[in-house]
Amino acid sequence: MFRSLSIAAVAAALGLTACAPEIPPDPKPSDGFTGADKVAIDEVFQVVTGTFAEPKEVLFRDPLISDVEGKGRFVCLDAAMPGERWTGFVAQRIPNEEAYQVVREQDALSPKARPQCRALVLKYLGEQDVDWYDAEVAYNKAGCAHLDTAYWEAWKMACNGRITRPAKTEKPAA
């Protein structure tokens with residue numbers, strides 16, 4: 001009798017498990033990419049995740065692959081710990097190696113200033129015949145006075161080529 005009760009309990013548990021809604025896995029930054037692009041995003045995801053104190057909690061947004069003529073392929077994305085500010089990353093595979101060279105944004109731009117700073121970087125940083133007084137006034141006014149020029153030069157050069165973004169994927173119905 002005891003044996004038949006335990007078999008019934010196991011069968012009931014299995015039946016309930018079969019009826020339970022399946023929880024979709026957390027999205028990966030490479031979702032929507034295919035082939036070599038997916039592999040590159042996954043590899044950079046692992047490298048960038050390792051730069052944070054609690055790698056299991058890292059969030060990602062806006063991953064893209066940029067092909068820059070004469071410079072190569074780059075992966076550009078933003079990452080953050082939950083509740084913390086987003087940080088930009090630019091990564092490129094080192095030729096003939098299994099490693100990536102990664103540039104991490106080291107400034108503290110506000111979320112409001114970041115888009116304005118991107119526009120100013122494209123307009124002024126590294127350009128010829130720039131009126132530096134006008135540039136400085138524009139940077140200060142937009143909250144971009146303390147840019148990490150190493151990151152933003154890398155971003156400007158690497159993340160504005162021929163862009164590949166992830167394909168849009170349908171979200172499952174709730």
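The values are calculated or read from the model by the stated rules, or taken from the named source; none is laboratory data. Note that the structure is predicted; figures quoted are calculated from it, not measured. When we count neighbours, we look across all protein chains shown, and the Cβ atoms used for this are built from the backbone with ideal geometry, even at glycine. Just the protein is used for accessible areas: all its heavy atoms, side chains included, with ligands, DNA and RNA removed. Shrake-Rupley method; radii C 1.70, N 1.55, O 1.52, S 1.80 Å.
Things to note:
- Ala99/Leu59 FRET efficiency (R0 22 Å; Cβ-Cβ; nearest 0.05): 0.40
- Per-residue extension of 0.36 nm, minus the Cα-Cα distance of Asp131 and Lys28, leaves a gain of 32.8 nm for this segment.
- Additional length obtainable on full extension of the chain from Ala167 to Asp42, 0.36 nm per residue less Cα span: 43.4 nm
- Ratio of the Cα radius of gyration of region 27-106 to 2.2 N^0.38 Å, where N counts its residues: 1.05
- Potential lengthening of the chain between Lys141 and Ser110 amounts to 9.9 nm, from the contour at 0.36 nm per residue minus the alpha-carbon distance.
- Straight-distance candidates among the lysines for linking to Lys112, with alpha-carbon spacing under 17 Å and chain neighbours fewer than 8 residues away dropped: Lys141.
- Global geometry of region 107-147, whether rounded, prolate or oblate, following the gyration tensor of its Cα atoms and the 1.5 cut on a/c: prolate
- Only protein heavy atoms count here; on that basis, with a 1.4 Å probe, Asp134 has an accessible area of about 80 Å².
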